[in-house]
Amino acid sequence: MNRSGRGVDAKMDMVDSGLASDPNRDVAMGRVRFWARLLAFFTFPLIWLGGLVTTQDAGMAVPDWPGTFGYNLWLYPISTWLLGPFDLFVEHGHRLLATFVGLLAICLVGSAWRPHVSRSMRWWSVGVLAAVIGQGILGGLRVRLDERVMAMIHGCTGPLFFAMAVATAVWAGRTWNSSKLQIGQAVPGRWLWMSRAILAAVLTQLVLGAQVRHIVPWALPSQFTFWVHLHLTFAAVVTLLIVAAWLGRWSKPLRQSKAIRWPVDGLAALLLLQLSLGVGTWFVSYASPWAISLGGLDRYVLQAKGYFESWVITGHQATGSLLIGLSTAWWLWMGEAGRRSGIQSEEGVSTVAGRQSIRASLPGGASQVHGTIGIPSTVSAGENRELG
Amino acid sequence: MIGCKVRARVWVVMACLEILPLFGGCNVRSPGSFSPSAVQIHQVSESREVSAEAMTARLESVMTDWFGTPDKPRWPTAQKLTDGGIDQASLLVSLVDPKQLERAAGPVRRLEDRVEYGLYRKHCAHCHGISGDGWGATAGNLSPYPRDFRRGTFKFKSTPVGSRPTRSDLMAVLKRGIPGTSMPSFASLSESKHFRDDYEPLIDYVIYLSVRGEVERRLIGAMSESGEEGWEAALPSDQKSTAPDSRPSVAREVAEVLRRWRQASQEVLEVPDNELADRSIEDLWSGPQRSQLLAAIERGEKLFGMPATACTSCHGQSGRGDGRVVDYDEWTKDWTIRAGVDPTDRSQWKRWSRLGVGKPVPDRPRDLHAGVYRGGASSQDLYRRIAGGIDGSPMPALPLKPANPQGWTSQDVWDLVHFVRWLPYSEQFPRETAAQSSPSGATAALALGDRLSIALLLGLPTGSQTIDDGRSIAGIESGSDRPALEKEIP
């Protein structure tokens, strides 16, 4: 895209994303933000519980769907649920929480389809609702068809839905709708590339991890080995990318903007946790291949479906989802920072000038645009309040 | 608008990622049928110049007729045995409960009756495989490889080498797990009233897979002796003949395998009482029985070092598992050494690995200083490991009196047990006797060893090399061709 085209898009985007000051719009976006955050907040435990379903092999603990042993999902006797077998407890609990998340998605749509909310946000919220319904249907198909492949797809789409929920919260969030992403200088293109690469790598890891986790007993050992090796390879790729990003946190522009720097710290911390959980997951699932030579480890006895083991294994999967969520947020924030502040190409050419040129053409000029691109000094203290 | 474009891109990426997992669903094997012993079939096929495909098809037909499928297992009936000319319905009594088989079989599910089914696939199949061939999806990455049930050989049990385990033995392994391996403990099942009854179906299913697999192996073995024609001719005879003849018969093979399982409970090795057995080394060391313990350790060390016991050939003089002999387990030898395949030559074994076997890995002797005992850590467990050997592994059984007049006494075994129990504490509780400072109590014990010359026991040549290598006992106990198989580390 050429500079002028990008500039026009940027102008529209600012209007679209709520930079223009409008109290009614602030209120409307506040509602969207509330439901989007709630949605993301409850989707994470839903993913955790879904992971526990796989860990406990509880996918078929309830043989029917959408009901539970013939009952309406919400009317299944609570005593039988809480005091029954653990796999039944986990699976039915997963379903209950999923319907609650579905309700939150409906509320999100309700909040988005009100005046003063951008059209793209409205349709995005519908997409979120469709995704949660689709995810529920995938879960139902896994039960009705009794197919492990469906379980694997359902397990992959879950974190993707979480990424959608996070993206919604990001778009409706204060950071997005304020001048925080306006960092006063052009964003080097390599940072945009880095944010994309990290997101792509963690998403790929999700799929590869699902292949390892959902391997069927009748698969060939060579297939399992293949997926394990690929998963390890991408673990190395993700590690390299995140470490590289973290090492660059002291360089411009990350040094100047907390809004795009803290996700890098978060990613690095999550990576450490995830690597530890990954090693732990292998160890509590299959023991150490080197147990004999590593004194002490050979005393360890694996516990089938053990409490500690389940926490480690499910934690690894859930932390992967957190990585996806944070990578998504960073990718969006970096991209937006680049759009608002200009992108520094490798040759040192900045697109800031193109950005600035649209400023004058915006309705009301700089006085109506918060943190006008590239010129933070023109924004008055009163205007610098957060809009959304 | 940029916002719309970004969101559109997100949709595209997400849609692509949702499609990706579909590619992971492709598999070669099927959960609906048992995999035949492909390596064995192909080796027979090559040696007898018969079609492997024809053998496989015929075998599958017969095995399905007798044992059903993974989703619908079938346990041989008295009627079927009688039809095959075997009038021993008692063989089937209380060995396996067909109702329990149903619970363990098929995919994991909880039906409308709220009873959970598919327990084998839930707990075991990922490693042990749908067929119990020890070659499940994860097996290639595990060390040691998961057990192949089809040989009927189980390592940790109360019965001697060559015998089948009892149900209690299988239960003990399920509950205890095997430390340092991928075999988990299922003790947590007993903590919930909902899962407490899951053990019995699992044990039934393991016995079922083992019996099924062993019958299959025996039929393939019969094939290798009689050739396709003889085998083909023999199989249908089950349906019409009532008189056993010299040809292989499915019913006869089934009966023989069942008989060995039925016998197991009568073959349990008795463990005589020993006053030091039930107390820990720490307690004994600090208590009044210290002198007794020291004496037992000293005697045990001498026995350990004797060429006749052959302990040091694998476990090494120090007991750290650094002996000279490199050996393989029986499962590996079946398709390598006994089939003329050199397990150390990749070019030879590689071609078989695609048929469901892993890279041959030498069976490493235990480092006795680690204090980790896979078959159980109690004194009684150690007694059984020494007196009964570890089936399928190079660890032989020690010949005992009175069954073997020139064998060892139970006190000898107990002395070895106490020495082995003490080894992990040898630095914490160093002995103060003169014998301990000897670099080798073993050397001093050579004379003692003469009285129980392994050569006399086995009727083998009395060459010292034969004794030193510790091959004789193992060879006679397991009936294997061990002397020809072992290699020495340069």
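Among residues of the range A:211-222 that are in contact (Cβ under 8 Å) with a residue 24 or more places away in the chain, those with a Cβ under 6 angstrom from a residue that is small (Gly, Ala, Ser), sequence gap 6+ or separate chain, pair up as A:Gln211/B:Gly24; A:His214/A:Ala151.
Please state which one of A:Asn24, A:Asn72 is among the polar types (S, T, N, Q) and touching a residue at least 24 places away in the same chain (Cβ under 8 Å). The match here is A:Asn24. Being touching a Phe, Trp or Tyr at 6+ places or on another chain (Cβ under 6 Å), acidic (Asp, Glu) and farther than 28 Å from B:Arg151 by Cα is a property that B:Glu275 lacks. Applying the condition of being facing chain B (nearest Cβ under 7 Å) and either in a helix (DSSP H, G or I) or out of contact with any helix residue (DSSP H, G or I) (no Cβ under 6 Å at 6 or more places or on another chain) (or both) to the range A:207-221 and asking which residue is surrounded by the fewest Cβ atoms within 10 Å (Cβ to Cβ) yields A:Leu220.
Residue count for the range B:167-176, restricted to those that are under 27 Å from B:Pro399 (Cβ atoms), within 14 Å of chain A (Cβ to nearest Cβ) and in contact with a Ser or Thr (Cβ under 8 Å, 6 or more places away or on another chain): 0. Limited to the range A:171-201, what total is found for residues that are of a type outside the set (D, E, K, R), within 11 Å of another protein chain (Cβ to nearest Cβ) and in contact (Cβ under 8 Å) with a residue 60 or more places away in the chain? Residues flagged as of a type outside the set (D, E, K, R), within 11 Å of another protein chain (Cβ to nearest Cβ) and in contact (Cβ under 8 Å) with a residue 60 or more places away in the chain within the range A:171-201 amount to 3.
Results for (1) buried (at least 17 other Cβ atoms within 10 Å of the Cβ); (2) within 14 Å of chain B (Cβ to nearest Cβ), shown as yes or no for each residue.
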| residue | (1), (2) |
| --- | --- |
| A:Val228 | yes, yes |
| A:Leu232 | no, yes |
| A:Leu240 | no, no |
| A:Arg249 | no, no |
| A:Lys252 | no, no |
| A:Pro263 | yes, no |
| A:Leu271 | yes, no |
| A:Trp282 | yes, yes |
| A:Ser285 | yes, yes |
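The set of residues in the range A:96-127 being touching a Phe, Trp or Tyr at 6+ places or on another chain (Cβ under 8 Å) and within 26 Å of A:Gly59 (Cα to Cα) consists of A:Leu96, A:Leu97, A:Thr99, A:Phe100, A:Val101, A:Leu104.
Just one residue in the set B:Asp334, B:Asp391, B:Asp381, B:Asp412 is within 19 Å of the chain's Cα centre (by Cα), buried (at least 20 other Cβ atoms within 10 Å of the Cβ) and not in a loop (DSSP other than H, G, I, E, B); that residue is B:Asp334. Condition test on B:Arg167, is it surrounded by fewer than 23 Cβ atoms within 10 Å (Cβ to Cβ) and farther than 30 Å from B:Val271 by Cα? No; evaluated as a whole, the condition is false for this residue. Scanning the range B:307-330 for residues that are surrounded by fewer than 23 Cβ atoms within 10 Å (Cβ to Cβ), out of contact with any Ser or Thr (no Cβ under 8 Å at 6 or more places or on another chain) and in a loop (DSSP other than H, G, I, E, B) yields B:Gly316, B:Ser318, B:Arg320, B:Gly321, B:Asp322. Restricted to the range B:61-135, the set of helices (runs of 4 or more DSSP H) holding at least 1 residues that are under 30 Å from A:Val62 (Cβ atoms) comprises B:98-104, B:119-123, B:125-128.
Here is a yes/no grid of residues against (1) out of contact with any Ser or Thr (no Cβ under 9 Å at 6 or more places or on another chain); (2) of a type in the set (S, T, N, Q); (3) in a helix (DSSP H, G or I):
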| position | (1), (2), (3) |
| --- | --- |
| B:Ser143 | no, yes, no |
| B:Thr159 | no, yes, no |
| B:Ser163 | yes, yes, no |
| B:Ile178 | no, no, no |
| B:Ser182 | no, yes, no |
| B:Ser190 | yes, yes, yes |
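In the set B:Asp148, B:Asp133, only one residue is in contact (Cβ under 8 Å) with a residue 12 or more places away in the chain, of a type in the set (Asp, Glu) and either away from chain A (no Cβ under 13 Å) or under 21 Å from B:Pro394 (Cβ atoms) (or both); that residue is B:Asp148. Among the listed residues A:Thr99, A:Thr54, A:Thr80, which satisfies the condition of being of a type in the set (Ser, Thr, Tyr), in a helix (DSSP H, G or I) and buried (at least 19 other Cβ atoms within 10 Å of the Cβ)? Answer to the selection: A:Thr54. Going by the structure shown, is A:Met60 of a type in the set (A, V, I, L, M), touching a residue at least 60 places away in the same chain (Cβ under 8 Å) and within 12 Å of chain B (Cβ to nearest Cβ)? Yes, satisfied. Is it the case that the range A:120-143 has a residue that's buried (at least 18 other Cβ atoms within 10 Å of the Cβ), touching a helix residue (DSSP H, G or I) at 6+ places or on another chain (Cβ under 8 Å), in a strand (DSSP E or B) and not aromatic (Phe, Trp, Tyr)? No, the conditions are met nowhere in the range A:120-143.
Listed here are the residues, each with its yes/no results for (1) modelled with pLDDT of 95 or more; (2) within 14 Å of chain A (Cβ to nearest Cβ).
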| position | (1), (2) |
| --- | --- |
| B:Cys124 | yes, yes |
| B:Ser143 | no, yes |
| B:Gly162 | no, no |
| B:Pro165 | yes, no |
| B:Glu191 | no, yes |
| B:Val206 | yes, no |
| B:Val211 | yes, no |
| B:Trp231 | no, no |
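For the range B:306-340, give me each residue that is under 30 Å from B:Arg354 (Cα atoms) and not aliphatic (A, V, I, L, M). Hits for the range B:306-340 are B:Asp327, B:Tyr328, B:Asp329, B:Glu330, B:Trp331, B:Thr332, B:Lys333, B:Asp334, B:Trp335, B:Thr336, B:Arg338, B:Gly340.
Restricting to the range B:415-433, count the residues that are surrounded by fewer than 22 Cβ atoms within 10 Å (Cβ to Cβ) and charged (D, E, K, R). Count: 3. The C-beta contact set for the range B:364-392 (first residue farther than 23 Å from B:Glu267 by Cβ, second residue part of a loop (DSSP other than H, G, I, E, B) and among the aromatic types (Phe, Trp, Tyr), distance under 9 angstrom, 6+ apart or interchain) comprises B:Arg366/B:Tyr373.
Within the option set B:Arg385, B:Arg279, B:Arg338, B:Arg346, being of a type outside the set (A, V, I, L, M) and modelled with pLDDT under 90 holds for one residue only, B:Arg338.
The values are calculated or read from the model by the stated rules, or taken from the named source; none is laboratory data. Given the structure is predicted, the values throughout are model-derived calculations rather than measurements. Counting neighbours? That spans all protein chains shown, and the Cβs are built from the backbone with ideal geometry, glycine included.
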